[in-house]
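Written below as structure tokens is the structure these notes are about.
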Amino acid sequence: MLRILLDLGLLGLLTSTAFTLLAIAGLRRFLREPAAAVELSFTPPVSLFKPLHGAEPNLEAHLETFFLQDYPRFEILFCARSAGDPGLSVARRVAARHPQIAARFLTTGEDTYSNAKVSSLERMHAAARHNIFVISDSDVRVSPGYLREVIAPLADDAVGAVTCLYRGVADGTLWSKLEAAGMSVEMTSGVLAANLLEGMRFALGPTMAVRRRCVERMGGFGVLGPYCSDDFLLGARVAEQGEVVVLSRHVIDHIILNIGFLDSLQHQTRWMKSTRFSRPLGHLGTGLTFSVPFGILACAGAAGLHHPVAGLSLLAYGIAQRMLLAALLGSGAVHERQPLRTVLLYPIRDLLGFCCWAASYLGSTILWRGNRYRLTRGGLMHPLSVQSGEPESRVPA
């Protein structure tokens with residue numbers, strides 16, 4: 001039994017090392033992509049889509065960053081289920097301070113699709129005046145150069161969509177900081193590795209810029225309605241059309257709303273379950289990309305076989321590997337504002353991430369926006385029931 005533990009640990013350390021090298025190679029390619037492809041003078045009119053659901057913490061400050069863009073012509077469309085949604089009230093208050101920015105406020109009524117966000121996207125698509133859409137989640141914060149940098153790759157007509165890396169931004173709780181480290185490092189490493197191996201064939205929800213023609217060729221946003229991973233599928237549908245999906249060099253702030261342990265764990269496990277059903281083989285392989293859990297197994301096996309120094313060395317190697325990955329991606333890819341904290345916390349996050357990955361196989365139901373769903377093959381969502389106890393202010397759009 002101890003020998004099996006040691007062998008499993010060694011195997012996991014080997015595969016996680018291979019993944020780390022792959023992510024570093026992906027980072028190198030990302031940083032070497034020619035800056036000449038970025039044409040900041042390319043500023044076509046843009047329709048910015050902001051789906052809303054409730055008044056999240058600091059929503060007003062986050063929305064204001066979108067009104068402060070250094071960009072000549074854009075409109076912002078806000079959409080929620082009802083006119084009385086607290087998020088829409090916040091958006092109206094911010095818009096009143098910036099009358100020079102065209103802003104409109106839309107509602108969907110009862111959701112048409114299992115994925116309520118898609119109902120909002122379809123409504124905003126119908127109302128949009130421009131031919132480039134920028135879809136951005138409500139729990140993100142951006143800099144004044146955001147639109148210029150995200151839109152720039154679309155100067156090439158072969159580019160159909162653009163998406164962005166993001167760094168996690170946490171408040172004072174340990175759990176939010178751990179989740180932020182996962183966003184900054186774990187998510188980024190997977191994206192860079194995928195981009196290296198097959199190019200971008202998906203998009204990331206916090207920011208997706210897409211041409212109207214791509215949306216209409218795929219049959220409108222409604223085709224994404226039955227699925228949980230609308231962002232992944234949007235990028236995939238654009239790539240299937242032969243259009244290029246670009247990973248922008250611009251990085252945005254993704255705000256962590258889940259400050260408690262259980263909220264954070266539930267949120268991360270929901271992400272993992274979504275990936276499990278959307279990309280089952282890739283998700284299964286993700287289990288071999290973690291390092292610290294296998295370091296612990298190797299340490300336990302070696303110590304039990306009377307080689308404690310070797311065991312501790314293997315565990316130290318697993319931890320050091322994660323710290324190196326966090327340091328390189330934190331500084332080179334997402335420009336972490338507190339890099340030392342991320343480096344120190346990421347080994348713990350690696351262990352927690354493995355636990356969330358394992359938990360993703362313990363059921364097929366998720367809780368999202370107050371609704372309970374059952375996921376099936378391909379990431380299809382089947383509504384089960386409405387949960388009245390989840391606070392609106394804690395559910396990201």
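The values are calculated or read from the model by the stated rules, or taken from the named source; none is laboratory data. Here the structure is a predicted model, which means the values were calculated and not measured. We place every Cβ from the backbone using ideal geometry, glycine too, and count neighbours over all the protein chains shown.
From the list Ser114, Ser89, which one is small (Gly, Ala, Ser) and part of a loop (DSSP other than H, G, I, E, B)?
Ser114
From the list Leu21, Leu68, pick out the single residue that is without any contact (Cβ under 8 Å) to a residue 12 or more places away in the chain and out of contact with any Leu (no Cβ under 6 Å at 6 or more places or on another chain).
Leu21
Tally up the residues in the range 96-125 that are more than 21 Å from Pro206 (Cα to Cα) and aliphatic (A, V, I, L, M), please.
Matching residues across the range 96-125 total 3.
Only one of (1) at pLDDT 95 or above; (2) over 21 Å from Val134 (Cβ atoms) is not met by Val215, so which one is it?
Answer for Val215: the failing condition is (2).
Kindly evaluate Ser291 against the criterion of being buried (at least 21 other Cβ atoms within 10 Å of the Cβ) and modelled with pLDDT under 95.
Spelling it out, it is not the case that Ser291 is buried (at least 21 other Cβ atoms within 10 Å of the Cβ) and modelled with pLDDT under 95.
Restricting attention to the range 92-104, report how many residues are surrounded by fewer than 17 Cβ atoms within 10 Å (Cβ to Cβ) and either touching a residue at least 40 places away in the same chain (Cβ under 8 Å) or part of a loop (DSSP other than H, G, I, E, B) (or both).
4
Only one of these is surrounded by fewer than 19 Cβ atoms within 10 Å (Cβ to Cβ) and closer than 25 Å to Phe221 by Cα: Thr65, Thr107. Name it.
Exactly one of Thr65, Thr107 is surrounded by fewer than 19 Cβ atoms within 10 Å (Cβ to Cβ) and closer than 25 Å to Phe221 by Cα, namely Thr107.
Can you list the helices (runs of 4 or more DSSP H) found entirely within the range 154-267 that contain at least 1 residues being without any contact (Cβ under 8 Å) to a residue 12 or more places away in the chain and under 23 Å from Thr289 (Cα atoms)?
188-198
So if I check each of Arg270, Arg249, which one is of a type in the set (Lys, Arg), closer than 21 Å to Ser138 by Cβ and in contact with a Leu (Cβ under 9 Å, 6 or more places away or on another chain)?
Every option except Arg270 fails the conditions.
Of all residues being crowded, with 24+ Cβ neighbours inside 10 Å and aliphatic (A, V, I, L, M) in the range 184-202, which is farthest from Leu344 (Cα to Cα)? Just the residue, please.
Leu192
Return the residues of the range 307-337 that are in a loop (DSSP other than H, G, I, E, B) and farther than 17 Å from Glu186 by Cβ; say none if nothing qualifies.
His307, Arg337
State the number of residues belonging to the range 4-17 that are surrounded by 13 or more Cβ atoms within 10 Å (Cβ to Cβ), modelled with pLDDT of 95 or more and among the hydrophobic types (A, V, I, L, M, F, W, C).
Residues that pass the stated criteria total 5.
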